[in-house]
Amino acid sequence: MSVNIGITGAAGRMGRTLIEAIDANPQLTLAAAVEHPDSSLLGADAGELAGVGKNGVKVAASLEEVIEAVDVVIDFTIPLATLANAKTCAANGKAIVVGTTGFTPEQQSELENHARKIPLCKATNFSTGVNLCFQLLDMAARVLGDEVDIEVVEAHHRHKIDAPSGTALSMGGVVANALGRDLAEVAVYGREGQTGARDRETIGFATVRAGDIVGDHTVIFAGEGERVEITHKSSSRMSFARGAVRAAAWLISRQPGLYDMQDVLGFRSTDRTANLATKGEQTQ
Ligand code: NAD
């Protein structure tokens, strides 16, 4: 049985890559493509837009128009659009995969409320390699503990609108959780001027924005006389797209709840319907 997927933000960088990933997967069908109501691409053929050839799916101006045709929505847009789309999914009993980053804590709570009614899988990074890195980071933090200074360095293309990246925050969150620290209290975002000596408890974040970098992340564990660095480099958006479509196919048979890519990859087996009160953007 083929799973019918709806893509919101279909003309975006990720939207087009997702259409390509669905085209390459015989178990999935692109059933709908949605763009901003002001987009000049409304009515365009979604397959042509993504460079995979005509597929007869016309880009629609709202998810409501096409929701009946889809089993799962994959949303990589902007936070306000994602919230509206999650609401539409909740009202229609459809699952949603959320790739958008940059939610405020209030917006995050709103999403979590929708996850009480439908299966919702949200990850700041859908690549398999990054999700493996989350496991390696947890192990490194537990082994190296309070003996090291921890810094997260990330680099992305010049068009990215939020910083640090959602992935960098998730990496910081994994490390903070492993060490029993509260990221909100220990995070230091950039440094300038007379900063004073470094406090070992802190977790530093540094951001680079340049050119067409798809996404690089390094977490540095620096101690006396040695240093461990865990690095992930994305060279193509296809790594995110393949993970997101994998999540969509997995999500279809789940109970309502808030899931992430760690669940999809089987790294976690706890009941995700019970933890909605504690789950936050940084605790992937
Ligand atoms: P982009 O700007 O290229 O694409 C976003 C698209 O959403 C645009 O085409 C825009 O017109 C569309 N959009 C905006 N409002 C809309 C609405 N109301 N209805 C329908 N479409 C709407 O951005 P991008 O590089 O594709 O990234 C999108 C988001 O995904 C960002 O938040 C980014 O950080 C995130 N992202 C997440 C991952 C991950 O693995 N989780 C990977 C890459 C990017």
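The values are calculated or read from the model by the stated rules, or taken from the named source; none is laboratory data. This structure is a prediction, so every number in the text was calculated from the model and none was measured. Cβ: placed from backbone, ideal geometry, glycine included. Neighbour counts: every protein chain shown. In case anyone asks, the SASA skips ligands and DNA or RNA and just uses the protein heavy atoms, side chains included. Shrake-Rupley method; radii C 1.70, N 1.55, O 1.52, S 1.80 Å.
Among the residues of the stretch 48-97, those that are open to solvent by 60 Å² or more (accessible area, probe 1.4 Å) and under 23 Å from PHE126 (Cβ atoms) comprise GLY51, ASN55, ILE78, LEU80, LYS87.
The C-beta contact set for the stretch 124-143 (first residue farther than 16 Å from LEU169 by Cβ, second residue within 13 Å of the ligand (Cβ to nearest atom) and assigned to a helix (DSSP H, G or I), distance under 7 angstrom, 6+ apart or interchain) comprises THR128/GLY243; GLY129/SER239. Residue pairs, Cβ under 7 Å, 6 or more apart or interchain, first in the stretch 62-73 and in the same structural domain as ALA31 (by TED's automatic domain parsing), second of a type in the set (Ser, Thr, Tyr) and within 14 Å of the ligand (Cβ to nearest atom). List them. Filtered contacts from the stretch 62-73: LEU63/THR8; LEU63/THR88; GLU64/THR88; ILE67/THR88; VAL73/THR8. Filtered by the rule that a residue be within 16 Å of the ligand (Cβ to nearest atom) and more than 19 Å from THR101 (Cα to Cα), the stretch 165-206 gives no residues.
Considering the stretch 33-52, the residues that are touching a Ser or Thr at 6+ places or on another chain (Cβ under 9 Å) and among the small types (Gly, Ala, Ser) include one that is farthest from the ligand (Cβ to nearest atom), namely ALA50. Scanning the stretch 92-118 for residues that are part of a helix (DSSP H, G or I), out of contact with any helix residue (DSSP H, G or I) (no Cβ under 7 Å at 6 or more places or on another chain) and within 16 Å of the ligand (Cβ to nearest atom) turns up just one, GLN108.
The condition of being within 25 Å of ALA241 (Cβ to Cβ) and surrounded by fewer than 19 Cβ atoms within 10 Å (Cβ to Cβ) holds for ARG158. Evaluation of ARG209 against the conditions (1) over 30 Å from GLN27 (Cα atoms); (2) open to solvent by less than 70 Å² (accessible area, probe 1.4 Å); (3) within 16 Å of the ligand (Cβ to nearest atom) shows that the sole unmet condition is (2).
Looking across ALA81, ALA11, ALA32, one residue alone is assigned to a helix (DSSP H, G or I) and not β-branched (Val, Ile, Thr). It is ALA81. Of all the numbered requirements in (1) of a type outside the set (D, E, K, R); (2) outside any loop (DSSP other than H, G, I, E, B); (3) away from the ligand (no atom under 12 Å from the Cβ), MET1 misses one, and that requirement is (2).
What tally of residues in the stretch 115-143 results from selecting those that are crowded, with 19+ Cβ neighbours inside 10 Å and of a type in the set (A, V, I, L, M)? Number of matching residues: 8. Among residues of the stretch 17-44 that are farther than 19 Å from ASP71 by Cα and touching a residue at least 24 places away in the same chain (Cβ under 8 Å), those with a beta-carbon under 7 Å from a residue that is of a type in the set (Asp, Glu) and open to solvent by 20 Å² or more (accessible area, probe 1.4 Å) at least six positions away or on a different chain give the pairs LEU41/GLU35.
If you check SER40 against the conditions, is it more than 21 Å from the chain's Cα centre (by Cα), surrounded by 15 or more Cβ atoms within 10 Å (Cβ to Cβ) and of a type outside the set (A, V, I, L, M)? No. For the stretch 231-258, filtering for residues that are closer than 20 Å to LEU137 by Cα and touching a Pro at 6+ places or on another chain (Cβ under 7 Å) leaves 0. So, in the stretch 238-257, of the ones that are at pLDDT 95 or above and assigned to a loop (DSSP other than H, G, I, E, B), which residue ends up nearest to the ligand (Cβ to nearest atom)? My answer is ARG254. Against the criterion of being on the phi > 0 side of the Ramachandran plot and not assigned by TED's automatic domain parsing to the domain that holds ALA90, GLY204 does not qualify. From the list GLU112, GLU106, the one residue that fits, being under 20 Å from GLY173 (Cβ atoms) and either surrounded by fewer than 19 Cβ atoms within 10 Å (Cβ to Cβ) or of a type in the set (S, T, N, Q) (or both), is GLU106.
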